[in-house]
Structure formats: structure tokens, C-alpha cells
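Engineer: After the C-alpha cells below, expect a handful of questions from me.
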Amino acid sequence: MALIESEENKALRSAVAALGKRHGRDFDRETLWSEAAKLGYLGVNLPEAYGGGGGGISELSIVLEELGAAGCPLLMMVVSPAICGTVIARFGTDAQKQEWLPALADGTRTMAFGITEPDAGSNSHRITTTARRDPDTGDWLLTGRKVFISGVDIADATLIVGRTEDARTGTLKPCLFIVPRDAEGFTRHQIDMELHAKEKQFELTLDDVRLPADALVGDEDAGLLQLFAGLNPERVMTAAFAIGMGRYALAQAITYARERTVWKTPIGAHQAIAHPLAQAHIDLELARLMMQKAAHLYDSGDDVGAGEAANMAKYAAGEACVRAVDQAVHTLGGNGLTREFGLAKLITAARVARIAPVSREMILNYVSHQTLGLPKSY
């Protein structure tokens, strides 16, 4: 793994930064999504054979980070090309790849991802959404509930994590299904959030949703392998989202600290202001290094190594983002809470990086169990 980005990735970072600067924090989501797609940024991680850029999560994370650093992050990038596009590219049938990958790459179609449930939380083994076969037709029938699912209203379909019964053991195993937005019995209810985001959050209900046999993605017996093929990129991209947000907040604070003068001296000349901002920059840079490591491991096919690194990257980026936003607001004082500077809304948004898609406590559990070999507490 190279510690210095390639010239191609540097050029990508510069080009995306310019795109983000043109749109800024008052961006229109649909317009930016369309332009990013036309420039090839949305599908940069998808196979060239299906209209993608042939890169990996390394390149896609650069796109999301730079858009976030410009104040115009596209949350659905975490879901549509990173999770759903990756899963379909790796495990989908030829027909699924032909139907979905070109459209995900050019931005004409999007896909949401549904795993979280009201009573399961971070425990994927307690998912209660079940899929059973109709013995007469071979169709699948899905029943269950999902919660905090992003962008379902604008997505053409949702990749739903359900569980099917193993005929040999009778135990339930996770499987992935493509559920069209207008499928009968598939309903959504918007969750009233304090968080101000372009993408809305929904609770989903699946009431005997009938799907054709080919709605199943991949092998019915692959189970967790396919699930984590999507969850590891999700953690990497969440880290990119958080790092971009932290960089945006930090940039506002640095500009303010240079220009705001008290007693004829810029406040940034005082160590009480300068040092916390420097620390925030260091934390963000360190988090980016772990994110790049995780992306590299995933792109090279090391799913086990990527799992550990992706969790660490998400943890580090979430913590760095919260500290950067907090320090930026503090640097601006009362101005940090005004609409003019656009930092106050990040106080809530930054918490998302600590909470979703997996809490920092569950990441610490993962590291203590999987890396350190300590016994489980649950």
C-alpha cells in the first residue's frame, strides 16, 4: 500500500474539489448528483464493463470526502454505488448486473439499503425480516420492518437484508433481496428527524411482499459473506463522509481565525485558538490514513483485513469529525451558531458519524474481541 496517493487519484481529488466548490453548501442535490454522474464520479468504483470507472472504494471515498469538504456531501453515495453497487458487482447475476450497474454508474437509478430493524440494532443475527418461498410459484415472500433507512423515497429499489431458513439445520441465515419501490405490500413512513439533511429517513414495512425468484442477490447459502461485502465499504464511505464534514468545518474556522481581529491581532495568533485547530487537523489526517488503508485492503480482496481497518477508520473519523465541528463552532463563538456560517447544523450531523452505521461502542467490541482476543461481554 502506497502512503502517497497516485497522480491519478490526486487529479481525481482536485477535479472533485472543483466540482464541490462550484456547488457549495447551498447545493441542489439532484443537480449535483446528475453532474457528478456525467463526470463519472458516481460509478468510479464499478466495473468498466458496466459503464463504471473500474476503480474501487479508494476512488469513491475520495469523491465523497472532497464533496463533503466543499460542504455538499452526497449521502446516497454511501448507499447506492458503494454498498448496493459493490454487492451486485460481486455477487449479482448477469441479469442483475446488466439491469442495475450501468444505471447506478450513470446516476439514472439509485438504490437504498435496508438492514437496521427496531429490535435488532447492531445485532444482525437478530434480524426478524424473513423470506419464505411460495411452493407453487417459486416466488419469495418478505415480511418484516426496517428503520432509519436513507433515501427510500428517491431510490428506485431497496436492497433488503432478510433471513431465510436453512433446509438442513432449520436456522435462519441472512440473504439480500432487491425490492422495487412500488412493490405491493412495501410501505414507508418518514421519520421526523431533528437532523437537517437532503436525504430523509424512513421506517419500512414489508407485508408479504411478493418478489420473483431472481430478486435474490447472489447465493442463498453465502450468508454473511455477501452481507459484509457491503458493510465494509459502508464503513469506509462513512469515514469519508465524516472526514469531509470535519474538513469543511475546520476550513471555516481557519478562515475566521485569520480574519477575526481583537486588539489588532487575529485570534488565530493565540495558541488557545491555534492549537485546538491544529489538533483537529492532525486527527482528521490520521483518520484519513486509516480510511485509505481500509479501502486499499478491500479493493485488494482482503475482506478480513478490510473488516478490521474499516471499523477502525469509521471510529477514528467519527471522533475526529465531532471534535473538528465542536472546535470550529467554538472558534466562531456566537457566529458559529448563525445560519450565515452554516456550522450549527453540523453539530447534529457530526453525531451521525459516531452512531451510524454502527456505534463506536460496537466497534470497540469488535476490536477487543477480534483483534485483541478478549472474551465477549455479551
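The values are calculated or read from the model by the stated rules, or taken from the named source; none is laboratory data. Just so it is clear, the structure is predicted and the values come from calculations on it, not from any experiment. For neighbour counting, all protein chains shown are included, and Cβ atoms are generated from backbone atoms with ideal geometry for every residue, glycine included. The area values use the complete protein model at the heavy-atom level, side chains included, leaving out ligands, DNA and RNA. Shrake-Rupley method; radii C 1.70, N 1.55, O 1.52, S 1.80 Å.
Residue-wise test of (1) under 21 Å from the mean Cα position of the chain (by Cα); (2) within 30 Å of G71 (Cα to Cα); (3) crowded, with 16+ Cβ neighbours inside 10 Å.
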| residue | (1), (2), (3) |
| --- | --- |
| T158 | yes, yes, yes |
| C175 | yes, no, yes |
| I178 | yes, no, yes |
| G185 | no, no, no |
| Q190 | yes, yes, no |
| L195 | yes, yes, no |
| K198 | yes, yes, yes |
| V209 | no, no, yes |
| A215 | no, no, yes |
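Engineer: Has region 228-243 got any residue that is open to solvent by 10 Å² or more (accessible area, probe 1.4 Å) and more than 30 Å from M290 (Cα to Cα)?
Structural biologist: No, region 228-243 contains no residue that is open to solvent by 10 Å² or more (accessible area, probe 1.4 Å) and more than 30 Å from M290 (Cα to Cα).
Engineer: Using beta carbons and a limit of 7 Å, which pairs, at least six apart or on different chains, have the first residue in region 66-95 and touching a residue at least 12 places away in the same chain (Cβ under 8 Å) and of a type in the set (D, E) and the second one in a helix (DSSP H, G or I) and surrounded by 24 or more Cβ atoms within 10 Å (Cβ to Cβ)?
Structural biologist: Hits for this filter: E66/G20; E66/G244.
Engineer: Hey, another quick one. Scanning for something modelled with pLDDT of 95 or more, more than 17 Å from the chain's Cα centre (by Cα) and farther than 20 Å from G151 by Cβ, does region 22-36 turn up at least one residue?
Structural biologist: Among the residues of region 22-36, at least one is modelled with pLDDT of 95 or more, more than 17 Å from the chain's Cα centre (by Cα) and farther than 20 Å from G151 by Cβ, which makes the answer yes.
Engineer: Still on this structure, I have one more. Please state which of the following conditions F202 fails to meet, knowing it meets all the rest: (1) in contact with an Asp or Glu (Cβ under 9 Å, 6 or more places away or on another chain); (2) assigned to a helix (DSSP H, G or I); (3) not charged (D, E, K, R).
Structural biologist: Status for F202: all satisfied but (2).
Engineer: Does I267 satisfy being buried (at least 21 other Cβ atoms within 10 Å of the Cβ), modelled with pLDDT of 95 or more and touching a helix residue (DSSP H, G or I) at 6+ places or on another chain (Cβ under 6 Å)?
Structural biologist: Criteria not met by I267.
Engineer: Looking at (1) closer than 21 Å to R126 by Cβ; (2) touching an Asp or Glu at 6+ places or on another chain (Cβ under 6 Å), which one does G185 not meet, given that it meets all the others?
Structural biologist: Unmet condition: (1).
Engineer: Only residues in region 352-368 that are under 15 Å from A309 (Cα atoms) and hydroxyl-bearing (S, T, Y) count as the first member; pair them with residues that are modelled with pLDDT of 95 or more and not in a loop (DSSP other than H, G, I, E, B), Cβ under 7 angstrom, at least 6 apart or cross-chain, and list the lot.
Structural biologist: Cβ pairs passing all conditions: Y366/N311.
Engineer: Go through region 1-52 residue by residue and tally those that are part of a helix (DSSP H, G or I), over 28 Å from L286 (Cα atoms) and either in contact with a strand residue (DSSP E or B) (Cβ under 7 Å, 6 or more places away or on another chain) or open to solvent by less than 20 Å² (accessible area, probe 1.4 Å) (or both).
Structural biologist: Counting residues in region 1-52 that are part of a helix (DSSP H, G or I), over 28 Å from L286 (Cα atoms) and either in contact with a strand residue (DSSP E or B) (Cβ under 7 Å, 6 or more places away or on another chain) or open to solvent by less than 20 Å² (accessible area, probe 1.4 Å) (or both) gives 3.
Engineer: Mind listing whichever residues of region 335-376 are more than 21 Å from K314 (Cβ to Cβ) and either open to solvent by less than 60 Å² (accessible area, probe 1.4 Å) or outside any helix (DSSP H, G or I) (or both)?
Structural biologist: Those that are more than 21 Å from K314 (Cβ to Cβ) and either open to solvent by less than 60 Å² (accessible area, probe 1.4 Å) or outside any helix (DSSP H, G or I) (or both): N335, G336, T338, R339, E340, F341, G342, L343, A344, G373, P375.
Engineer: A317 passes all but one of (1) part of a helix (DSSP H, G or I); (2) surrounded by fewer than 24 Cβ atoms within 10 Å (Cβ to Cβ); which number fails?
Structural biologist: (2)
Engineer: Show the residue pairs that are 6+ apart or on different chains and have beta-carbon atoms under 6 Å apart, the first residue being within region 23-37 and touching a residue at least 60 places away in the same chain (Cβ under 8 Å), the second being open to solvent by 50 Å² or more (accessible area, probe 1.4 Å) and charged (D, E, K, R).
Structural biologist: Within 6 Å, the pairs are R29/K198; A37/D106.
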